[in-house]
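The values are calculated or read from the model by the stated rules, or taken from the named source; none is laboratory data. In this text the structure is predicted, and so the values were computed from the model without any measurement. Reconstructed Cβ throughout: ideal geometry from the backbone, glycine too, with neighbour counts over all protein chains shown.
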Amino acid sequence: MASLKELRASIGSVKSTRKITSAMKMVAAAKLRRAQLHAESARPYAVAMRRMLGELAGAMSGEDGAPKLLAGSGEDRVHLLIPITSDRGLAGGFNSNINRTTRLTIRRLQAEGKTVKLLPVGRKGFDFLSRDYAGLIVDHVIGVGGRGVPFSAASDLGAKITKLLENGEFDVCTVVYNRFQNVMSQVPTPLQLIPLGLDAAEAASDPNAAQYEFEPDEQTLLERLLPRNLQVQIYAALLESAAGEQGARMTAMDNATRNAGKAIDRLTQKYNRTRQAKITNDLIEIISGAQAV
């Protein structure tokens, strides 16, 4: 049985931990409001741009010389996966869900005879993939998160992807990120960037979608808009991931704070029982000694 001194030390240690987790919860909550606002503000722009490019793609269907950012290399042999995770832990299943989804995707593609390459964004994803798939990693990006997600991060990542495409390093590019739904729910979501995802082509044929008249010609517009669209889609995914990270960390720290409170209650109860038993034993010894005299 633990001594009273050990129990007091344990109670003090758990109380200190509860203070830390409570503070981290409040910090995550403050960051979440700003990150959620940015993610929700970027969604309409990203969706509208994909729809417009889907309209452009539909107008160019059947034509030769489509840009690589639109049609890819024309093959389906080499897949580039870009999993987006955080640089820090203590966020519940936020990173593990992305890592699990990426691992399952790698296994599925390899079972289909495809070649897989990885460009992880975030330290947690890079560390995880380096253990089992180090040979598949062609590049990595760390330090994108923090206080905010600058658009330059999406621009730099888009430049890396474009360079790999021009060098013939891959045929299909897909980003895997946590789509923010609410504080309790972040959904691992794959989004095909190159070739332009099927959902964009479907949006072009949607009768409720906006109809566009293009000037100058479609080819010129695509050459100008496709690099921008790649950056916008990456930026939207980074913002969704940033909001999801803060939501997951807030939930995880809230659970940790409540669990610490329960542990303190259990330890305090055990401390009181142990102290009461010790007092009872001391009284019995005193009474027995007095009777003996």
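Things worth noting here:
- Annotation: of all residues in the stretch 71-101 being of a type in the set (A, V, I, L, M, F, W, C) and either assigned to a helix (DSSP H, G or I) or not assigned by TED's automatic domain parsing to the domain that holds Gln192 (or both), the one that is surrounded by the most Cβ atoms within 10 Å (Cβ to Cβ) is Ile98.
- Residue count, the stretch 103-126 (criterion: in contact with a helix residue (DSSP H, G or I) (Cβ under 7 Å, 6 or more places away or on another chain) and hydroxyl-bearing (Ser, Thr, Tyr)): 0
- Within the stretch 122-176, being out of contact with any Gly (no Cβ under 9 Å at 6 or more places or on another chain) and closer than 12 Å to Tyr235 by Cα holds for Gly148, Val149, Pro150, Phe151, Ser152, Ala154, Ser155, Asp156, Leu157, Gly158, Val175.
- Residues within the stretch 134-154 that are of a type in the set (Gly, Ala, Ser), closer than 15 Å to Ile82 by Cα and buried (at least 17 other Cβ atoms within 10 Å of the Cβ), tallied: 2
- Residue that is surrounded by the fewest Cβ atoms within 10 Å (Cβ to Cβ) [pool: residues in the stretch 5-33 that are free of Cβ contacts under 8 Å to residues at least 40 places away in the same chain and of a type in the set (D, E, K, R)]: Lys5
- Considering the conditions (1) part of a helix (DSSP H, G or I); (2) at pLDDT below 85; (3) among the polar types (S, T, N, Q), Asn255 is excluded by exactly one of them, (2).
- Any hit, the stretch 147-163, residues being over 21 Å from Asn99 (Cβ atoms), among the acidic types (Asp, Glu) and either part of a strand (DSSP E or B) or modelled with pLDDT of 90 or more (or both): yes
- Comparison of Phe170, Phe180 shows that the only residue that is more than 20 Å from the chain's Cα centre (by Cα), among the aromatic types (Phe, Trp, Tyr) and either modelled with pLDDT of 90 or more or farther than 18 Å from Leu193 by Cβ (or both) is Phe170.
- Residue within the stretch 71-87 that is in contact with a Pro (Cβ under 7 Å, 6 or more places away or on another chain), among the aliphatic types (A, V, I, L, M) and under 30 Å from Thr21 (Cα atoms) present: no
- One residue stands out in the stretch 243-262 among those that are charged (D, E, K, R) and surrounded by 20 or more Cβ atoms within 10 Å (Cβ to Cβ): the one that is nearest to Ala28 (Cα to Cα), namely Arg249.
- Qualifying residue in the stretch 219-228 (condition: of a type outside the set (Val, Ile, Thr), modelled with pLDDT of 85 or more and under 30 Å from Lys19 (Cα atoms)): no
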